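The values are calculated or read from the model by the stated rules, or taken from the named source; none is laboratory data. Nothing here was measured: the structure is a model prediction, and the numbers come from that model. Cβ atoms come from the backbone with ideal geometry, glycine included; neighbour counts cover every protein chain shown.
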Amino acid sequence: MSRTARIVLPLAAALALALWLAAARQLLPWADWPAWPLDPQAMDLHQILLGFGLMPRGAIALVAGAALGLSGAILQAVLRNPVADPTTLGISAGAQLALVMATIFAPAMLDQGRWPVAMAGAGSAAALVMAIGARRAFAPVTMVIAGMLVGMTASAIATAITLARGEYLLSLVIWNGGALVQQDWAGTRALALVLALGALGAAALARPLRVLSLGAEGARGLGLNIALVRGTAVALAVALAGAVSAELGLIGFVGLAGPALARTLGARNMAQVLWLAPLIGALILSVCDGVVLALAGAGGEMFPTGALTGLIGGPLLIWLLPRLRGSTPPGTEAAEGPAPRLDRPGRVLVALALAAAAMALLLVWIGRLPGGWAVLDWQSFRAFLPLRLPRLIAAGAAGAALAMAGAILQRLTANPLASPEVLGVSGGAAIGYAATLFAVTAPGQGPLTLGTMAGAALALALVATYARRRDMPAERVLLAGIAVSAMAAAVLSAIMATGSPQSWQVLAWLSGSSSKVGPVQAAALSAIAGAVAAAAWLSRRWLATLPLGPEVAAGLGLPLVRARLALILVAGLATGAASVLVGPLSFTGLMAPHLARRLGLARAWDHVLGAALIGALLMIAADFGARMAGFPYELPLGLFASLLGAPWLIWLMMRGGR
């Protein structure tokens with residue numbers, strides 16, 4: 001352990017202890033603290049609150065943080081992926097979906113506790129991600145793509161179900177934020193047992209994981225059973241993360257930050273990372289909970305602790321990114337395989353354009369009545385056309401804008417995982433939207449659009465400062481985007497947990513809806529999508545050259561700084577404008593460029609245009625499904641788009657090597 005670690009870790013521990021003691025003293029003077037062992041029959045109300053509320057809360061923060069840190073360290077080690085953690089691999093989202101579905105549809109399943117349900121959901125998500133990764137030799141980018149798609153699909157289903165059942169809404173929102181409030185010591189004892197067993201398992205796995213770090217071929221040559229080690233390690237990590245999700249809800253970032261900080265603070269081998277990451281995770285969550293307790297003492301507890309982990313940890317990880325040692329082992333992305341390349345892409349582009357036009361026309365004619373489905377007659381068609389056409393146009397334009405932003409970002413960063421959602425651009429748009437709600441009294445569509453676009457552009461500019469470093473590999477840029485997204489999610493979780501009028505507006509916008517779109521908004525979004533397409537066409541040479549690397553691009557005379565800034569501005573503004581309509585959760589910017597690639601649209605302009613057409617198709621279909629699936633009530637547009645596109649992309653990834 002480095003000298004910096006010997007200084008930083010005790011200071012963090014002292015800070016966590018000081019914050020907890022301040023909250024305890026505010027509740028009860030030291031002289032009145034109850035004697036151990038605690039006997040509720042001999043305690044007054046304040047002593048019970050301290051002994052069975054605040055004390056187990058402080059303990060469970062340490063235990064849960066350590067469990068998440070250990071889970072992230074195991075996942076990063078076994079997958080040789082510095083971006084892996086329970087959140088990015090969809091494990092926490094799988095536990096969330098299982099618990100939400102059990103709470104709403106089968107509450108009897110929770111009679112034996114939430115643990116079995118959460119473990120089943122986390123295990124199912126992990127199994128699906130591992131099945132996808134196994135087809136491509138567990139390439140790091142593939143694993144994160146698969147994890148985020150699985151997590152996105154699970155979160156979309158869970159959120160749609162939650163929004164449809166309003167009586168559970170506020171409690172589930174708070175639970176999803178990761179509340180550490182305790183009523184007894186049962187949860188702490190259970191998690192402590194899981195952590196102890198996990199620590200024993202990690203100790204047994206330390207040597208096999210060190211051998212596996214040599215690479216699959218080298219480890220196999222030394223006689224290591226790679227499948228057994230991977231399966232055991234992932235199962236252990238899933239058990240740790242699932243236990244925390246079952247007991248406390250969703251607490252993000254800790255499993256990502258713990259191992260990263262451990263390596264930064266001088267952990268040089270596998271054993272050091274495996275014991276230092278849990279310690280750092282415990283301190284991170286404990287400090288965050290201490291801050292929440294301090295704020296609660298001033299004005300009441302307004303948001304769950306899990307909402308603060310990203311707010312504190314996000315900036316910390318961004319600051320540490322240039323200092324992280326090591327990288328993804330070279331050659332691990334070879335399993336991605338070259339993308340197919342069509343010799344005559346024009347036919348595919350024309351087919352996509354015709355399909356989008358035909359779908360829009362068809363969906364205007366089809367409707368749903370209380371008695372069932374119906375095809376409108378001519379008179380009804382003319383009556384409904386002014387109502388349906390603007391929202392279909394707006395949905396298609398928003399999908400095209402997000403898809404083009406994703407394609408531009410993927411070429412700008414030479415990262416197949418880059419998209420507005422993954423690189424934090426959508427998170428920045430969400431912060432801009434929320435800030436406008438608080439800064440402007442009763443803001444209209446214009447101020448909201450400008451605020452959202454400004455937030456998106458600022459977030460992308462922040463990530464781009466790291467992308468400009470020539471020595472920074474793709475996974476570091478991805479970490480920067482995840483950190484920005486974590487900060488945005490923390491702020492939004494804190495806002496929604498307050499129950500203020502703005503929180504309900506933010507919650508409604510996060511789901512996405514086109515129900516209030518009129519001709520003016522549809523025309524504005526179409527104009528923005530057209531402007532983005534024109535900018536992409538004008539910069540097609542830049543888009544074709546940038547993926548070759550900065551040295552090649554500079555050698556070909558490309559103005560790197562000007563090109564990057566221009567493309568960042570275009571992608572940020574497109575994301576902000578589209579997010580006002582569909583919200584930040586659609587992942588159209590990730591799915592559409594990938595699908596365009598898999599169709600063989602490899603050239604820069606073909607790729608961008610194909611992504612735009614696929615994004616428009618996806619969002620038009622999502623708008624129709626959002627209106628009709630829950631008739632007479634409307635489901636969230638952005639979430640419905642996730643339900644359409646993510647399973648399709650997962651299926652494509654499962655098909656084989658390409």
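When residue 223 is tested against the conditions (1) closer than 14 Å to residue 68 by Cβ; (2) without any contact (Cβ under 8 Å) to a residue 24 or more places away in the chain; (3) not acidic (Asp, Glu), the lone failure is (1). I'd like to check something: does the range 254-268 contain any residue that is within 17 Å of residue 122 (Cβ to Cβ), among the hydrophobic types (A, V, I, L, M, F, W, C) and touching a residue at least 40 places away in the same chain (Cβ under 8 Å)? Yes. Cβ-Cβ contacts under 8 Å between residues 6 or more apart (or on different chains), taken from a first residue in the range 410-437 that is at pLDDT below 75 to a second residue that is buried (at least 24 other Cβ atoms within 10 Å of the Cβ) and of a type in the set (Phe, Trp, Tyr), are listed as 421/587. Take the range 192-206 and flag every residue that is within 21 Å of residue 79 (Cβ to Cβ) and touching a residue at least 12 places away in the same chain (Cβ under 8 Å). Matches in the range 192-206: 198, 199, 201, 202, 203, 205, 206. Can you work out which of the residues in the range 77-121 that are modelled with pLDDT under 85 and of a type in the set (Val, Ile, Thr) is nearest to residue 275 (Cα to Cα)? Ranking the qualifying residues of the range 77-121, first place goes to 83. When residue 380 is tested against the conditions (1) of a type in the set (Ser, Thr, Tyr); (2) in the same structural domain as residue 594 (by TED's automatic domain parsing); (3) more than 17 Å from residue 525 (Cα to Cα), the lone failure is (2). Given the structure, is residue 98 crowded, with 16+ Cβ neighbours inside 10 Å and assigned by TED's automatic domain parsing to the domain that holds residue 231? Against the criterion (crowded, with 16+ Cβ neighbours inside 10 Å and assigned by TED's automatic domain parsing to the domain that holds residue 231), residue 98 qualifies. Please determine whether any residue of the range 22-45 is out of contact with any Asp or Glu (no Cβ under 6 Å at 6 or more places or on another chain), surrounded by fewer than 24 Cβ atoms within 10 Å (Cβ to Cβ) and under 30 Å from residue 201 (Cβ atoms). No. Of the helices (runs of 4 or more DSSP H) entirely within the range 149-267, those holding at least 3 residues that are farther than 19 Å from residue 80 by Cα and at pLDDT 75 or above occupy 186-212, 226-248.
Checking each residue in the range 549-572 for being part of a helix (DSSP H, G or I), over 29 Å from the mean Cα position of the chain (by Cα) and surrounded by 14 or more Cβ atoms within 10 Å (Cβ to Cβ) picks out 553, 560. Taken as a whole, the range 521-535 holds no residue that is touching a Gly at 6+ places or on another chain (Cβ under 6 Å), surrounded by 16 or more Cβ atoms within 10 Å (Cβ to Cβ) and more than 18 Å from residue 604 (Cβ to Cβ).
Residues are listed down the side, and each one gets a yes or a no for (1) within 15 Å of residue 607 (Cβ to Cβ); (2) assigned by TED's automatic domain parsing to the domain that holds residue 582; (3) outside any helix (DSSP H, G or I); (4) aliphatic (A, V, I, L, M):
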{"position": "395", "(1), (2), (3), (4)": "no, yes, no, yes"}
{"position": "399", "(1), (2), (3), (4)": "no, yes, no, no"}
{"position": "407", "(1), (2), (3), (4)": "yes, yes, no, yes"}
{"position": "410", "(1), (2), (3), (4)": "yes, yes, no, no"}
{"position": "419", "(1), (2), (3), (4)": "yes, yes, yes, no"}
{"position": "423", "(1), (2), (3), (4)": "no, yes, yes, yes"}
{"position": "429", "(1), (2), (3), (4)": "no, yes, no, yes"}
{"position": "434", "(1), (2), (3), (4)": "no, yes, no, yes"}
{"position": "451", "(1), (2), (3), (4)": "no, yes, no, no"}
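Residue by residue, here is whether (1) of a type outside the set (Gly, Ala, Ser); (2) within 34 Å of the chain's Cα centre (by Cα); (3) in a helix (DSSP H, G or I); (4) assigned by TED's automatic domain parsing to the domain that holds residue 83 holds:
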| residue | (1), (2), (3), (4) |
| --- | --- |
| 20 | yes, yes, yes, yes |
| 24 | no, no, yes, yes |
| 35 | no, no, no, yes |
| 50 | yes, no, yes, yes |
| 54 | yes, yes, yes, yes |
| 59 | no, yes, yes, yes |
| 63 | yes, yes, yes, yes |
| 67 | no, yes, yes, yes |
| 71 | no, yes, yes, yes |
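Do we find a residue being assigned to a helix (DSSP H, G or I) and at pLDDT 80 or above anywhere in the range 465-472? Among the residues of the range 465-472, not one is assigned to a helix (DSSP H, G or I) and at pLDDT 80 or above, which makes the answer no.
Checking the structure you have, find out if any residue of the range 112-130 is on the phi > 0 side of the Ramachandran plot and either basic (Lys, Arg) or in contact with a Pro (Cβ under 8 Å, 6 or more places away or on another chain) (or both). Scanning the range 112-130, I find no residue that is on the phi > 0 side of the Ramachandran plot and either basic (Lys, Arg) or in contact with a Pro (Cβ under 8 Å, 6 or more places away or on another chain) (or both), so the answer is no. Restricting attention to the range 353-374 and to residues that are exposed (fewer than 15 other Cβ atoms within 10 Å of the Cβ) and at pLDDT below 80, the residue that is farthest from residue 567 (Cα to Cα) turns out to be 371. Residues being within 26 Å of residue 571 (Cα to Cα), among the β-branched types (Val, Ile, Thr) and modelled with pLDDT under 80 are entirely absent from the range 332-339.
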